[in-house]
Amino acid sequence: MSERVALVTGGIGGLGTEICKFLARSGRRVIAADLGSRAERLAEFHGEIAEFADRIVFEPINVGDFDDCSSAIKRVETQYGPVEILVNAAGITRDTTLRKMSPQQWADVLHINLDGVFNTCRNVIEGMSERGFGRIVNISSVNGQTGQFGQTNYSAAKAGMHGLTMALAREVARKGVTVNSVSPGYCNTAMVAAIPENVRNQIVAGIPVGRLGEPSEIARVVDFLCAEESGFITGANIPVNGGYFMDF
Ligand code: CAA
């Protein structure tokens, strides 16, 4: 068990909440970092993490704003100590076919899902490297691997996220810092619930295990990658998708 400080962006979201719980169960001090404006969801979140109330705290962050990330991470480090584990789970969708996509829909998704990863990593990487330990896990997506109809923006951002993962992994490999991606398939989250039912049913029919994934099935892989003993896994992408996309 280690008391290391873990910061999870999108920390009160569908996957983020479960990731916070798994890391807390492993003895981490967890910072669930998410938009301060999500007050309604925050109340629910506190109910869901009640078992770990002494280990998980909420911190407002806007991953789309570099300066906001700097100040949020500084506040966290002053209060709890250095961030040694970073999980980038913040993400949005603006699904529509390219012929209908506005420049804003393109930019919003690239900005939050990809620039957001730069904004957080850039603010922790020096400290992790100097201290000789770090774990960064980026939540990418099966749709970054395969491309998805109606998701040119999201697929580009998620594929880009793994490019960032591999490049950064090389830069810090000698410093005790690992950088990996986890690529979830379709899971039981609000994001997937928002897909039109007929489209969603078709997608589920194409998943070999025959069901959506559970957020806990993603979170346990993230927790595994964050372990002290996982130091030889870096630059990897771990697919967790029920067989929806298989490669090697
Ligand atoms: N493949 C091929 N053709 C498709 C298709 C597909 N997957 N989906 C729709 N089409 C066809 C339709 O049959 C229709 O054909 P006709 O014009 O001949 O009738 C046409 O494309 C519809 O095109 P439109 O431009 O009018 O698109 P739309 O407005 O009907 O809806 C969409 C498009 C919003 C993208 C809708 O298809 C959709 O929601 N798809 C799901 C996208 C998705 O999987 N998002 C994932 C969200 S969850 C997530 O992202 C988490 C994660 O990481 C896994």
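The values are calculated or read from the model by the stated rules, or taken from the named source; none is laboratory data. Because the structure is predicted, anything quoted here is derived from the model rather than measured. Positions of Cβ are backbone-derived with ideal geometry, glycine not excepted, and every protein chain shown enters the neighbour counts. Surface accessibility is based on the protein's heavy atoms, side chains included, excluding ligands, DNA and RNA. Shrake-Rupley method; radii C 1.70, N 1.55, O 1.52, S 1.80 Å.
Please specify each residue of segment 8-34 satisfying the condition of being open to solvent by 50 Å² or more (accessible area, probe 1.4 Å) and under 25 Å from residue 212 (Cβ atoms). Talk me through it step by step, then tell me what you get.
Keep residues of segment 8-34 that are open to solvent by 50 Å² or more (accessible area, probe 1.4 Å), which gives 25, 29.
Once the filter is applied, which keeps residues that are open to solvent by 50 Å² or more (accessible area, probe 1.4 Å) and under 25 Å from residue 212 (Cβ atoms), segment 8-34 yields only 25.
So, in segment 94-106, exactly how many residues are within 9 Å of the ligand (Cβ to nearest atom), part of a loop (DSSP other than H, G, I, E, B) and open to solvent by 40 Å² or more (accessible area, probe 1.4 Å)?
Adding up the residues that qualify gives 1.
Filter segment 195-205 down to residues that are open to solvent by less than 80 Å² (accessible area, probe 1.4 Å) and not charged (D, E, K, R), then give me how many there are.
Quick first cut of segment 195-205, residues open to solvent by less than 80 Å² (accessible area, probe 1.4 Å) only: 195-196, 199-200, 203-204.
Checking the rest, the ones that are also not charged (D, E, K, R) come to 195-196, 199, 203-204.
The total comes to 5.
Does segment 166-188 contain any residue that is outside any helix (DSSP H, G or I), among the hydrophobic types (A, V, I, L, M, F, W, C) and open to solvent by 30 Å² or more (accessible area, probe 1.4 Å)?
Looking only at segment 166-188, we keep the residues that are outside any helix (DSSP H, G or I), and these are 176-188.
When the remaining residues are screened for being among the hydrophobic types (A, V, I, L, M, F, W, C), the result is 177, 179, 182, 187.
Still in the list and also open to solvent by 30 Å² or more (accessible area, probe 1.4 Å): none.
Within segment 166-188, not a single residue is outside any helix (DSSP H, G or I), among the hydrophobic types (A, V, I, L, M, F, W, C) and open to solvent by 30 Å² or more (accessible area, probe 1.4 Å).
Name, by its number, the condition in (1) part of a helix (DSSP H, G or I); (2) open to solvent by 40 Å² or more (accessible area, probe 1.4 Å) that does not hold for residue 208.
Result: residue 208 fails condition (1) only.
Taking residue 194 as the residue in question, decide whether it is away from the ligand (no atom under 11 Å from the Cβ) and in contact (Cβ under 8 Å) with a residue 12 or more places away in the chain.
Details: away from the ligand (no atom under 11 Å from the Cβ): no; in contact (Cβ under 8 Å) with a residue 12 or more places away in the chain: yes.
No, not satisfied.
Which residues, counting only those in segment 205-240, are more than 29 Å from residue 86 (Cα to Cα) and within 11 Å of the ligand (Cβ to nearest atom)?
206, 207, listed by residue number.
Counting only residues that are within 16 Å of the chain's Cα centre (by Cα) and among the β-branched types (Val, Ile, Thr), which one in segment 153-184 is farthest from the ligand (Cβ to nearest atom)?
Going through the qualifying residues, I end up with 178.
Considering only segment 211-248, state which residues are closer than 24 Å to residue 12 by Cα and in a helix (DSSP H, G or I).
Scanning segment 211-248 gives 215, 216, 217, 218, 219, 220, 221, 222, 223, 224, 225.
State whether the residues of segment 38-55 include one that is assigned to a helix (DSSP H, G or I), touching a residue at least 12 places away in the same chain (Cβ under 8 Å) and closer than 23 Å to residue 229 by Cβ.
Yes: segment 38-55 contains one or more residues that are assigned to a helix (DSSP H, G or I), touching a residue at least 12 places away in the same chain (Cβ under 8 Å) and closer than 23 Å to residue 229 by Cβ.
Within segment 34-59, count every residue that is farther than 13 Å from residue 24 by Cβ and of a type in the set (Asp, Glu).
4
Would you mind finding the one in 116, 127, 150, 144 that is open to solvent by 10 Å² or more (accessible area, probe 1.4 Å), in a helix (DSSP H, G or I) and either under 19 Å from residue 15 (Cα atoms) or within 13 Å of the ligand (Cβ to nearest atom) (or both)? Quick ask: steps written out before the conclusion?
Details: 116 fails: open to solvent by 10 Å² or more (accessible area, probe 1.4 Å); 127 fails: either under 19 Å from residue 15 (Cα atoms) or within 13 Å of the ligand (Cβ to nearest atom) (or both); 150 fails: in a helix (DSSP H, G or I).
Every option except 144 fails the conditions.
Taking into account only those residues within segment 211-238 that are within 17 Å of the chain's Cα centre (by Cα) and open to solvent by 60 Å² or more (accessible area, probe 1.4 Å), which is farthest from residue 161 (Cα to Cα)? Steps first, please.
In the first step, residues of segment 211-238 are kept if they are within 17 Å of the chain's Cα centre (by Cα); the result is 213-227, 234-238.
Remaining after also requiring open to solvent by 60 Å² or more (accessible area, probe 1.4 Å): 214, 217, 220, 224.
Numbers: 214: 22, 217: 21, 220: 20, 224: 20 Å.
For segment 211-238, the residue satisfying everything is 214.
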